[in-house]
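Before any comments, here is the structure.
The values are calculated or read from the model by the stated rules, or taken from the named source; none is laboratory data. The structure presented is a predicted model; accordingly, all values stated were derived computationally and were not measured. Cβ sites come from the backbone with ideal geometry, for glycine too, and all protein chains shown count toward neighbours. These area figures cover heavy atoms from the full protein model, side chains too; ligands, DNA and RNA do not enter into them. Shrake-Rupley method; radii C 1.70, N 1.55, O 1.52, S 1.80 Å.
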Amino acid sequence: MINQKGNTMLETLAALSVVTVLGIGVIKLIGGMFGAFKLNMVVNEIQEIQKNISARYRLEGNYTGLNGKTAAQFASEQLIPSQMKIGNEIRHRQGGIVTISVSDYGGDDEYYDVTFNSLTKRTCTNLAQINWESKETTDLFRIKVNNSTFVLPVRGVAVGAANALPMTVAKAFSSCNKSDDNVITWTFK
């Protein structure tokens, strides 16, 4: 006669092991999907800010009106997505502070900066590689990633130069050199 209790116990342990492994896999898959969703939302936020500010200030010819605006004013004028206004601050989906101001580049308040702080390395790397060109025109002038500055080739930099946009994966990865406190500033005209 065969001892059924031993087989049943081994079968139960094997089944529990399989369920545990599958459960861990599902949790990792869901976590990865949630991370990709948050990254996509951050990309959408910067693109929406750029679109809204350009549409609002294009006719004025300068961005002087951006200086001194509060988060509430940015939200009420629909220059930022409404979910970005958290209390008295503008924050992106990963929780970091967002600042929007007239750029120090070029004078005459012709340029403005959008800065996202406290970005993870992964998000920073992906945001740095956004291709802003469409039909060979763009309002983007430069991107500063931590201490590295990159500009579009049409702005006086040769195609393929070390500081030319779009950024390669390797350049983006090396520029986003902090684990969770990277800063990107986009300068638009």
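Summary table below
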item	result
In the range 124-153, the residues that are touching a strand residue (DSSP E or B) at 6+ places or on another chain (Cβ under 8 Å), assigned to a helix (DSSP H, G or I) and modelled with pLDDT of 85 or more	CYS124, LEU127, ALA128
Failed criterion for GLY95 (all others in (1) within 13 Å of the chain's Cα centre (by Cα); (2) open to solvent by 70 Å² or more (accessible area, probe 1.4 Å) hold)	(2)
Test: residue in the range 40-49 that is open to solvent by 90 Å² or more (accessible area, probe 1.4 Å), at pLDDT 75 or above and either within 27 Å of the chain's Cα centre (by Cα) or of a type outside the set (Val, Ile, Thr) (or both)	no
Qualifying residues in the range 50-92 (those that are in contact with a Gly (Cβ under 9 Å, 6 or more places away or on another chain) and farther than 22 Å from LYS189 by Cβ) - the one surrounded by the most Cβ atoms within 10 Å (Cβ to Cβ)	ALA71
Restricting the range 98-115 to residues that are more than 27 Å from LYS38 (Cβ to Cβ) and open to solvent by 30 Å² or more (accessible area, probe 1.4 Å), the residue that is modelled with the highest pLDDT	GLU110
